[in-house]
Amino acid sequence: MKNLFTLTLAIFLSASTVFAQSNKATHQVSVNVSEISVISVSGDISMTIASATAGQAPDAATASGSYAVTTNGTDKKITAELDTKMPKGLTLNVTMSAPKGADSAGKKALSKKAVDLVSNIEQVRGQGLVLSYEAVATVDVDPDGYTRTVTYTITNN
């Protein structure tokens, strides 16, 4: 009987601690922020070279769009490159305005090799930034339509 009483008391005491609750609870929460660097472009770009002054090269054509950039990184740059080289006598130039605190490289001719357009980008978000294109042709270019894909990349400086 003594053993039964001891066993019952032990069960009662352990059960009461299991069902005990507190008016406080804590939870450790970890947040990991990754480096983010994103860019988007907007605006349909189409240019037509259709005129010239007699004795001169054809008149250049221009068009513009815009871009947006967000990065929480530091010492970044934006480069651009073409998917396929331009035909002989036709050049595609691009100029990107720089977001706050960064530097624009000005007008650059695009090719299959990446060219730097904006540098010294530090933790920034910018939208509606100007992206200007210029197509320049010589008389050596065959009359035709030429379409190229321009890839913009944010990378380390």
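The values are calculated or read from the model by the stated rules, or taken from the named source; none is laboratory data. Just so we're clear, the structure is a prediction, and the values are computed from it rather than from any experiment. Cβ: placed from backbone, ideal geometry, glycine included. Neighbour counts: every protein chain shown.
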(message) Based on this model, can you work out whether Thr95 counts as touching a residue at least 12 places away in the same chain (Cβ under 8 Å) and touching a Gly at 6+ places or on another chain (Cβ under 7 Å)?
(response) yes
(request) May I ask you to list the residues in region 71-90 that are in contact (Cβ under 8 Å) with a residue 60 or more places away in the chain and part of a strand (DSSP E or B)? (result) Thr71, Lys76, Lys77, Ile78, Thr79, Ala80, Glu81, Leu82
(request) Taking the residues in region 34-50 that are surrounded by 10 or more Cβ atoms within 10 Å (Cβ to Cβ) and β-branched (Val, Ile, Thr) as candidates, determine which candidate is nearest to Gln123 (Cα to Cα). (result) Ile36
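Matching residues to (1) surrounded by 10 or more Cβ atoms within 10 Å (Cβ to Cβ); (2) modelled with pLDDT under 95; (3) hydrophobic (A, V, I, L, M, F, W, C); (4) within 14 Å of the chain's Cα centre (by Cα):
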| residue | (1), (2), (3), (4) |
| --- | --- |
| Phe12 | no, yes, yes, no |
| Val18 | no, yes, yes, no |
| Asn32 | no, no, no, no |
| Ala52 | yes, no, yes, no |
| Ala61 | yes, no, yes, no |
| Tyr67 | yes, no, no, yes |
| Thr79 | yes, no, no, yes |
| Asp83 | yes, no, no, no |
(message) Just to be sure I understand, how many residues within region 91-115 are assigned to a strand (DSSP E or B) and farther than 27 Å from Pro143 by Cβ?
(response) 4
(request) Among the residues of region 34-50, write down those that are part of a loop (DSSP other than H, G, I, E, B), closer than 30 Å to Thr138 by Cβ and at pLDDT 95 or above. (result) Ile45, Ser46, Met47, Thr48, Ile49, Ala50
(request) Would you check which residues across region 115-125 are over 18 Å from Val94 (Cα atoms) and buried (at least 20 other Cβ atoms within 10 Å of the Cβ) and list them? (result) Ile121
(message) Restricting to region 85-114, give me the number of residues that are crowded, with 16+ Cβ neighbours inside 10 Å and either aliphatic (A, V, I, L, M) or at pLDDT below 95 (or both).
(response) 10
(request) Output the residues belonging to region 118-157 that are among the hydrophobic types (A, V, I, L, M, F, W, C) and under 19 Å from the mean Cα position of the chain (by Cα). (result) Val118, Ile121, Val124, Leu129, Val130, Leu131, Val150, Ile154
(request) Return yes when Val118 is part of a strand (DSSP E or B) and touching a strand residue (DSSP E or B) at 6+ places or on another chain (Cβ under 8 Å) and no when it is not. (result) yes
(message) Need the failing condition index for Thr147 against (1) in a strand (DSSP E or B); (2) exposed (fewer than 13 other Cβ atoms within 10 Å of the Cβ); (3) hydroxyl-bearing (Ser, Thr, Tyr), just the number.
(response) (1)
(request) Answer with yes or no whether Val130 is modelled with pLDDT of 95 or more, β-branched (Val, Ile, Thr), surrounded by fewer than 18 Cβ atoms within 10 Å (Cβ to Cβ) and within 19 Å of Asp75 (Cα to Cα). (result) no
